[in-house]
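Below is one structure, written out as C-alpha cells; the observations come after it.
The values are calculated or read from the model by the stated rules, or taken from the named source; none is laboratory data. Note that the structure is a prediction, hence the values are computed from the model and not measured. Positions of Cβ are generated from backbone atoms using ideal geometry, with glycine treated the same way; all protein chains shown enter the neighbour counts.
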C-alpha cells in the first residue's frame, strides 16, 4: 500500500474571496478541491491562524491587513475545501506564521512509523506559505519526494508565484511542468 500525502495550504476565505483574495486564488478553488477529493492517500490542511493581537505581531506590522483571525468567516476554509476536509475527516494544522513546524513534525513522525512515498503541496500563497512549508518539509524529510503543481497554487502576484516556484525548484522540490 502506498503512503502518499497531500497537504492543502491555507485555502481560506480571506485568501480567496476576503481581505487578501484575488482572481488568481479564486481560479484554483475547484481544481484544488477536485485534487483533494480524488487524492489516493492522506489529505491534510493548514489554516493560517491569527489572534486579535495580529496588528501587534511582526507579520501584522509588515502586512497591516488583518486576516484569518481565528473564529471569523475569513479564517474558515472555502466551502468546496471544507466539504473535502469533512468528508475525509482530514487533519488540520493551525499555524500562526507562514510555515507549520507542527505539520513538518507530524510528517516526520508518520515517516518514522512507515516510509512516506510522496508528499504533494497545493494552495495559497505560493510565495509565502506554500514555499515556507515546502522548505520546512524538505529539511525534515530530504529523501521523501516532494511535489508542487503550479496549476494548483496561486501567489500574491503572478511574478511572485513564479519566483517561489524557482526557489522550490532550486531546493529540489519537484515542480510539475505543463
Legend entry - Residue satisfying all of: in the stretch 1-23; touching a helix residue (DSSP H, G or I) at 6+ places or on another chain (Cβ under 7 Å) and surrounded by fewer than 18 Cβ atoms within 10 Å (Cβ to Cβ); farthest from residue 82 (Cα to Cα) among these: 19
Inset, instruction - Check the stretch 1-15 and report whether any residue there is farther than 17 Å from residue 103 by Cβ, assigned to a loop (DSSP other than H, G, I, E, B) and at pLDDT 95 or above. - result: no
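Out of the residues in the stretch 86-96 that are in a loop (DSSP other than H, G, I, E, B) and in contact (Cβ under 8 Å) with a residue 24 or more places away in the chain, state the one that is surrounded by the most Cβ atoms within 10 Å (Cβ to Cβ).
Here the residue is 90.
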Inset, instruction - State yes or no: is residue 44 assigned to a loop (DSSP other than H, G, I, E, B) and touching a strand residue (DSSP E or B) at 6+ places or on another chain (Cβ under 7 Å)? - result: no
Inset, instruction - Mind counting the residues in the stretch 69-85 that are in a helix (DSSP H, G or I), in contact with a strand residue (DSSP E or B) (Cβ under 8 Å, 6 or more places away or on another chain) and under 20 Å from residue 31 (Cβ atoms)? - result: 3
Inset, instruction - Take the stretch 47-63 and flag every residue that is in a loop (DSSP other than H, G, I, E, B) and under 16 Å from the mean Cα position of the chain (by Cα). - result: 49
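Out of the residues in the stretch 163-178 that are assigned to a helix (DSSP H, G or I) and free of Cβ contacts under 8 Å to residues at least 12 places away in the same chain, which is surrounded by the fewest Cβ atoms within 10 Å (Cβ to Cβ)?
170
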Legend entry - Qualifying residue in the stretch 100-114 (condition: outside any helix (DSSP H, G or I) and over 19 Å from residue 146 (Cα atoms)): no
Legend entry - Residue satisfying condition, being within 17 Å of the chain's Cα centre (by Cα), exposed (fewer than 14 other Cβ atoms within 10 Å of the Cβ) and either at pLDDT 95 or above or on the phi > 0 side of the Ramachandran plot (or both), within set 83, 34, 44: 34
Inset, instruction - For residues that are touching a strand residue (DSSP E or B) at 6+ places or on another chain (Cβ under 8 Å) and surrounded by 13 or more Cβ atoms within 10 Å (Cβ to Cβ), tally how many sit in the stretch 52-68. - result: 7
Legend entry - Tally, over the stretch 143-162, of residues that are without any contact (Cβ under 8 Å) to a residue 12 or more places away in the chain and closer than 22 Å to residue 116 by Cα: 1
Legend entry - Filter result (surrounded by fewer than 21 Cβ atoms within 10 Å (Cβ to Cβ), under 13 Å from the mean Cα position of the chain (by Cα) and over 19 Å from residue 80 (Cβ atoms)) within the stretch 129-161: 132, 135, 136, 147, 150
Inset, instruction - Go through the stretch 121-143 and count every residue that is within 16 Å of residue 28 (Cβ to Cβ) and out of contact with any helix residue (DSSP H, G or I) (no Cβ under 7 Å at 6 or more places or on another chain). - result: 2
